[in-house]
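Let me begin by presenting the structure, written as structure tokens, before commenting on it.
The values are calculated or read from the model by the stated rules, or taken from the named source; none is laboratory data. Remember, it's a predicted structure, so these values are computed and weren't measured experimentally. Every residue, glycine among them, receives a Cβ derived from its backbone with ideal geometry; neighbour counts consider all protein chains shown. Only protein heavy atoms, including side chains, enter the accessible area calculation; ligands, DNA and RNA are left aside. Shrake-Rupley method; radii C 1.70, N 1.55, O 1.52, S 1.80 Å.
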Amino acid sequence: MAQIVLTNDLGRQFTGGETTLDMDVTDVRDLIRKLDQKFPGIAEVLQDGSMAVAIDGNLHQDAWLEDIGPTSEVYFLPAIRGG
Amino acid sequence: MSKHHVTSTVNGEPVEFLCEPQETLLDILRDQLDLTGSKEGCSSGDCGACSVTIDGRLVCACLVLGAEAEGRKIETIENMAEGDTLHPLQQKFLEEAALQCGFCTPGFLVAAKSLLDRNDNPTETEVRYWLAGNLCRCTGYDKIVKSVMDVAAEMRGE
Amino acid sequence: MGVDGNYKWVGKRTVRPDGTDKVTGRALFSADSSMPGMLIGKILRSPHAHAKIKSIDTSKAEKLAGVKSVVIGKDFPNLPNKTISIGILAANFSEMSDKLMARKKVLYDGHPVAAVAATTSAIADKALSLIKVEYQVLPHVIDVDEAMKPKAPLLHKKMITVGVDPAPTKASNVASRCEFGFGDLEAGFAAADVIIERTFKTKPAHQGYLEPHGAVVSVAEDGQVTIWCSSQGQFMVRSYCARLMQIDEAQIRVIPAEIGGGFGGKTVIYLEPVAMALSGRAGKPVKMTMTREEVMRATGPTSGTSIDVKLGATKDGKLTAGEAELRYQAGCYPGSPVGPGAMTAFAPYNLENVKTVGFDVVVNRPQAAAYRAPGAPMSEFAVESVIDEMAQKLGMDPIALRELNAAKEGTTAPYGPKFGPIGNEQCLEAAKNHPHYSAPLGPNQGRGVASGFWFNVGGESVASVNINTDGTAVVLSGNPDIGGSRASMAAMAAEVLGIDYDKVRPIVADTSSIGYNDLTGGSRTTFASGMAVCNAATDAVDQMRTRAAKVWDISPDAVEWSEGHARPAGPNAGDFEPMSLADIARTSAKMGGPITGRAAINAQGAAPGFGTHIVDVEVDPETGHVTVLRYTAVQDVGRAIHPSYVEGQIQGGVAQGVGWALNEEYVYGDDGCLQNTGFLDYRMPVASDLPMIDTVIIEVPNEAHPFGVRGVGEVPIIPPLGAVANAVSNAIGVRMTDLPLSPPKILAAIKNGS
Ligand code: FES
Ligand code: FES
């Protein structure tokens with residue numbers, strides 16, 4: 001199962017503080033869908049462009065179709081804006 | 001308010017223009033003569049982006065009134081290359097990447113040429129102080145100063 | 001190809017394709033274009049830091065001969081109060097519209113309240129003076145710590161801090177709180193032999209681009225809008241204008257002028273929608289350019305900040321815990337870069353216990369705009385100062401302490417994920433071995449070291465590569481060229497196509513000539529648009545391989561492309577004379593039409609950049625003046641596509657960072673109005689303030705990019721703040737925590753001692 005890590009702020013808002021989860025998912029869209037089933041409302045925040053996701057250390061923004069492997073480590077973090 | 005009729009020489013060509021008393025030479029060059037190579041970064045004499053020469057003297061065109069151009073010879077960046085040959089400073093700036101956005105570049109080139117016209121062997125400190133009236137926010141001045149020193153050496157035949 | 005290949009054009013110091021225009025004065029920046037019948041637009045700005053607008057009377061101005069239109073806040077659409085993402089940017093259009101033109105209140109000195117368009121600049125000025133605005137002045141607050149106090153004047157009566165549980169019941173100036181980190185801080189600090197706690201302050205600094213904002217806007221009778229302006233993204237301008245003015249994006253064409261510097265400050269717009277409103281009403285094109293005073297009063301510097309850092313370490317130098325609280329000025333509406341500040345603060349270090357908390361605080365200043373590595377220079381300055389002090393307390397060499405605790409591949413970053421391959425250790429090692437680091441110092445001199453980290457970003461990019469029948473190529477991309485990116489695009493395309501750099505002409509296309517591109521920012525252009533250009537060139541190559549295969553009657557897989565030629569791939573493919581790009585292009589009409597390679601991507605896999613800087617300073621004990629004697633900047637850039645422009649970006653970032661550390665600050669009067677609105681007293685470094693800036697480029701390739709690019713532009717502004725402060729502290733023997741390190745502060749520190 002992939003290890004999913006949410007930010008402390010997401011934990012506070014949606015999961016009652018839980019930030020580390022093990023989940024069976026295939027790609028980012030699948031992950032968001034499954035997270036929303038568990039924690040209703042979280043999908044909106046994860047998809048409004050304010051969050052990025054790091055899969056096995058690689059940073060992705062707005063990447064629904066990015067694959068998540070069976071042992072991947074997935075971290076959500078605020079989207080990075082630049083100068 | 002009546003306009004002044006001014007006759008002067010810009011980049012070797014005789015020109016005539018009418019200007020309001022408060023209009024600067026930079027306004028005239030840019031808005032009336034379509035010579036937009038001289039830039040306006042501040043209009044207060046602090047950035048050097050508007051550098052031109054008047055009778056061979058380096059000035060900020062934003063600090064000179066249009067009316068003061070009467071009877072004078074003005075040289076701008078547009079006349080620095082000769083025909084299809086770039087001035088050695090222009091060429092060196094290109095080769096050494098002495099510009100990034102390029103907004104400050106016309107002013108630096110005019111100012112640097114004016115330095116080399118009077119001092120063909122400036123020290124690094126002299127170059128830095130001569131160019132201290134020209135602001136560049138992109139390059140950290142390193143490649144600009146090096147280019148000017150290199151061109152000076154080349155022009156001396158070293 | 002491949003990230004470790006030997007290249008003909010990538011990594012070479014070619015002459016930039018737009019260079020000649022820029023050294024001869026031909027290049028057209030925003031203020032350099034004009035249109036027949038054009039009017040001049042100008043803005044009336046608030047003279048107060050905080051006030052209610054009781055009334056605006058524009059009638060006299062409207063009657064003045066030569067005035068063609070006048071607009072105030074109510075002439076702009078009211079929009080939903082919600083933050084949405086546009087590409088790599090976030091925007092709240094209700095707030096953005098209010099910033100363009102104040103509605104009920106002015107929130108800072110310089111806030112626009114009305115605008116006019118007139119036949120001449122002088123008439124426009126006269127018209128502004130005829131507009132009567134009645135204000136009710138309100139108390140204001142500018143300093144971030146003051147703004148957080150319970151009794152502080154409130155900018156927005158209903159602002160409840162987001163990110164606090166339970167939500168506060170009382171309004172405050174704190175827009176939001178964010179938090180990052182992991183581990184057990186208490187245990188971490190309990191394991192420490194030495195703990196250092198300090199508070200730091202930094203002043204807002206302006207991006208300082210030399211070219212003031214400017215735009216020429218034409219709204220035609222049929223509603224079609226054409227905008228010539230300089231910005232960091234023509235598509236950003238289009239998206240923002242369409243939403244702010246409530247018209248379709250397809251009706252707006254934004255033509256990018258050359259941009260005279262941005263550094264993040266041109267990722268927002270100030271003039272274009274106002275010029276649209278004026279032009280639409282007047283039925284004529286309108287040109288607007290800001291004066292330098294307007295740029296300083298009303299465009300976005302970055303935040304001033306106040307930061308607490310606590311760091312623990314064992315006697316032998318192992319960091320055990322790090323904690324920071326960051327308070328950033330947002331300006332008049334929420335949106336400081338405190339988030340990235342909090343994420344980056346401890347990023348160069350491997351910490352098991354780390355926590356950063358950030359507060360985004362509104363104050364009576366213009367909205368903070370991005371400035372190179374938004375948020376990071378301040379937080380990393382604070383941490384790098386404490387690291388330096390820790391090294392002193394432990395009697396360790398400051399680079400050795402950093403090496404011992406350096407983040408490397410596999411380290412968990414303080415913001416969550418594990419790092420992939422990164423060049424942090426390589427930078428430290430190169431700095432340590434640089435002759436600068438062991439050069440002797442004289443009296444009153446000090447040396448400072450600091451590291452820096454930035455994420456770098458990817459994002460959406462479109463590129464096309466058109467192959468001409470004479471064997472040349474035109475590369476279209478959609479990112480303004482702010483510092484030589486055309487040269488990089490041309491080099492990458494030439495490399496993939498296998499033709500000479502001089503045969504490739506790169507063009508920055510307007511919004512109606514190419515698909516959507518995120519803006520130039522976050523160090524994304526060479527990475528993301530570069531990737532699009534590589535993919536588009538590869539697409540063109542694939543088409544040419546297919547055509548050669550048809551001619552030879554073999555499978556396209558049996559055709560390879562090298563050195564600009566289609567060749568049979570190995571002996572089994574058959575024995576054919578290689579066909580050059582020019583050969584294939586010449587017959588393109590007969591073989592299916594023009595060859596155009598395309599790519600439209602959302603570039604993923606941006607990889608972080610690290611840097612380490614060393615600086616020597618001399619402090620004059622009589623005057624407190626600091627001279628920067630020597631500077632060395634080491635940075636991992638993944639791959640330097642054009643080394644000269646990589647060096648230039650690094651040198652430019654260093655100069656800006658040195659300015660931030662030593663000179664640049666905003667000075668406000670008791671009335672909350674900005675007092676230093678020009679370059680004379682907002683003192684950016686000039687040539688005589690700086691030495692040569694030595695650069696060392698490290699290349700740890702980013703596997704996600706065809707040539708290994710990470711991005712360059714953000715990292716170099718981060719370390720200078722800490723490095724300079726550490727150098728000055730070491731020179732005078734007193735820890736300096738309050739930037740800028742102006743002579744009076746240094747004299748006071750010398751006098752009072754530690
Ligand atoms: S515009 Fe003349 S010195 Fe700045
Ligand atoms: S190159 Fe941009 S200001 Fe000098």
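The set of residues from the stretch C:504-530 being open to solvent by less than 20 Å² (accessible area, probe 1.4 Å) and assigned to a helix (DSSP H, G or I) comprises C:Thr525, C:Phe527, C:Ala528, C:Ser529, C:Gly530. Please enumerate the residues belonging to the stretch B:92-141 that are polar (S, T, N, Q), more than 7 Å from chain C (Cβ to nearest Cβ) and surrounded by 24 or more Cβ atoms within 10 Å (Cβ to Cβ). Scanning the stretch B:92-141 gives a single hit, B:Asn134.
Of all residues in the stretch C:286-293, one or more are in a helix (DSSP H, G or I), away from ligand 2 (no atom under 16 Å from the Cβ) and not assigned by TED's automatic domain parsing to the domain that holds C:Ile650.
Keeping to the stretch A:12-38, report how many residues are assigned to a helix (DSSP H, G or I), closer than 19 Å to C:Lys418 by Cβ and within 14 Å of chain C (Cβ to nearest Cβ). Working first, answer last.
Of the stretch A:12-38, the ones assigned to a helix (DSSP H, G or I) are A:12-15, A:28-38.
Pick out the ones that are also closer than 19 Å to C:Lys418 by Cβ and you get A:28, A:31.
Still in the running and within 14 Å of chain C (Cβ to nearest Cβ): A:28.
The number of residues fulfilling the criteria is 1.
Of all residues in the stretch C:648-673, none that is not assigned by TED's automatic domain parsing to the domain that holds C:Gln329 and crowded, with 24+ Cβ neighbours inside 10 Å has its Cβ atom under 8 Å from the Cβ atom of a residue that is outside any helix (DSSP H, G or I) and of a type outside the set (Gly, Ala, Ser), 6 or more apart or on another chain. Going residue by residue through the stretch C:197-215, is there one that turns out to be of a type in the set (A, V, I, L, M) and closer than 30 Å to C:Thr412 by Cβ? Checking the stretch C:197-215: not a single residue is of a type in the set (A, V, I, L, M) and closer than 30 Å to C:Thr412 by Cβ. When the stretch B:9-41 is filtered for residues that are in contact (Cβ under 8 Å) with a residue 24 or more places away in the chain, surrounded by 19 or more Cβ atoms within 10 Å (Cβ to Cβ) and part of a loop (DSSP other than H, G, I, E, B), the ones remaining, listed by number, are B:Glu23, B:Leu35, B:Gly37, B:Ser38, B:Lys39, B:Gly41.
Are any of the residues in the stretch B:29-37 within 16 Å of ligand 2 (Cβ to nearest atom) and modelled with pLDDT of 95 or more?
The answer is yes; a qualifying residue exists.
Answer yes if at least one residue in the stretch C:176-198 is closer than 30 Å to C:Val274 by Cβ and surrounded by fewer than 22 Cβ atoms within 10 Å (Cβ to Cβ), and no otherwise.
Applying the first criterion (closer than 30 Å to C:Val274 by Cβ) to the stretch C:176-198 yields C:176.
Subset that is surrounded by fewer than 22 Cβ atoms within 10 Å (Cβ to Cβ): C:176.
Within the stretch C:176-198 (the criterion being closer than 30 Å to C:Val274 by Cβ and surrounded by fewer than 22 Cβ atoms within 10 Å (Cβ to Cβ)), the answer is yes, since at least one residue qualifies.
Within the stretch C:626-647, being of a type outside the set (D, E, K, R), within 14 Å of chain B (Cβ to nearest Cβ) and touching a strand residue (DSSP E or B) at 6+ places or on another chain (Cβ under 9 Å) holds for C:Thr627, C:Val628, C:Leu629, C:Tyr631, C:Thr632, C:Ala633, C:Gln635, C:Ala640, C:Pro643, C:Val646. Please work out which residue is farthest from ligand 2 (Cβ to nearest atom), limiting yourself to the stretch B:50-61 and to residues that are open to solvent by 20 Å² or more (accessible area, probe 1.4 Å) and over 18 Å from B:Leu135 (Cα atoms). Filtering first and then ranking leaves B:Asp55. Filter the stretch B:103-148 down to the residues that are farther than 23 Å from C:Gly208 by Cα and of a type in the set (Ser, Thr, Tyr), then identify the one that is nearest to the chain's Cα centre (by Cα). Residue satisfying both the conditions and the ranking: B:Ser114. Evaluating A:Leu77 against the criteria (1) more than 8 Å from every other protein chain (Cβ to nearest Cβ); (2) within 10 Å of the chain's Cα centre (by Cα); (3) open to solvent by less than 10 Å² (accessible area, probe 1.4 Å) leaves one unmet condition, (1). Number of residues in the stretch C:620-641 that are within 21 Å of C:Asn6 (Cβ to Cβ) and open to solvent by less than 10 Å² (accessible area, probe 1.4 Å) equals 5.
For (1) touching a helix residue (DSSP H, G or I) at 6+ places or on another chain (Cβ under 8 Å); (2) among the β-branched types (Val, Ile, Thr), each residue gets a yes or a no:
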position	(1), (2)
B:Thr76	yes, yes
B:Gly83	no, no
B:Phe93	yes, no
B:Thr105	yes, yes
B:Val110	yes, yes
B:Tyr129	yes, no
B:Gly133	yes, no
B:Asp142	yes, no
B:Ala153	no, no
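For C:Ala115, the requirement of being closer than 24 Å to C:Ala242 by Cβ and open to solvent by less than 10 Å² (accessible area, probe 1.4 Å) is met. Taken over the stretch B:38-49, residues that are more than 7 Å from every other protein chain (Cβ to nearest Cβ) and either touching a Lys or Arg at 6+ places or on another chain (Cβ under 6 Å) or more than 16 Å from ligand 2 (Cβ to nearest atom) (or both) amount to 1.
If you go through the stretch C:571-582 and keep only what is free of Cβ contacts under 8 Å to residues at least 12 places away in the same chain and either part of a loop (DSSP other than H, G, I, E, B) or closer than 27 Å to C:Asn466 by Cβ (or both), you end up with C:Asp575, C:Glu577. Applying the criterion of being touching a helix residue (DSSP H, G or I) at 6+ places or on another chain (Cβ under 9 Å) and more than 7 Å from every other protein chain (Cβ to nearest Cβ) to the residues of the stretch A:58-74, the residue that is most open to solvent (accessible area, probe 1.4 Å) is A:Leu65. Picking from residues in the stretch C:69-102 that are more than 15 Å from C:Pro366 (Cα to Cα) and of a type in the set (Lys, Arg), the one that is surrounded by the fewest Cβ atoms within 10 Å (Cβ to Cβ) is C:Lys74.
Checked against (1) open to solvent by less than 10 Å² (accessible area, probe 1.4 Å); (2) more than 14 Å from every other protein chain (Cβ to nearest Cβ); (3) touching a strand residue (DSSP E or B) at 6+ places or on another chain (Cβ under 9 Å), C:Pro720 meets all criteria but (2). Total residues in the stretch C:596-614 satisfying the condition of being among the polar types (S, T, N, Q) and facing chain A (nearest Cβ under 8 Å): the figure is 2.
Taking (1) part of a helix (DSSP H, G or I); (2) touching a helix residue (DSSP H, G or I) at 6+ places or on another chain (Cβ under 6 Å) in turn, C:Ala655 satisfies each apart from (2).
Just one residue in the set C:Ile40, C:Ile123 is within 14 Å of another protein chain (Cβ to nearest Cβ), part of a helix (DSSP H, G or I) and open to solvent by less than 50 Å² (accessible area, probe 1.4 Å); that residue is C:Ile123.
Is the stretch A:44-57 home to any residue that is buried (at least 16 other Cβ atoms within 10 Å of the Cβ), within 7 Å of chain C (Cβ to nearest Cβ) and not in a loop (DSSP other than H, G, I, E, B)? Yes, the stretch A:44-57 contains a residue that is buried (at least 16 other Cβ atoms within 10 Å of the Cβ), within 7 Å of chain C (Cβ to nearest Cβ) and not in a loop (DSSP other than H, G, I, E, B). Scanning the stretch C:690-711 for residues that are facing another protein chain (nearest Cβ under 8 Å) and outside any strand (DSSP E or B) turns up C:Leu690, C:Met692, C:Ala704.
Just a yes or no: is a residue in the stretch B:76-91 closer than 25 Å to C:Gly19 by Cβ and within 15 Å of ligand 1 (Cβ to nearest atom)? Before the answer, list the steps.
Taking the stretch B:76-91 first, the residues closer than 25 Å to C:Gly19 by Cβ are B:76-91.
Next cut, within 15 Å of ligand 1 (Cβ to nearest atom) only: B:76-77.
Yes; the residues of the stretch B:76-91 include at least one that is closer than 25 Å to C:Gly19 by Cβ and within 15 Å of ligand 1 (Cβ to nearest atom).
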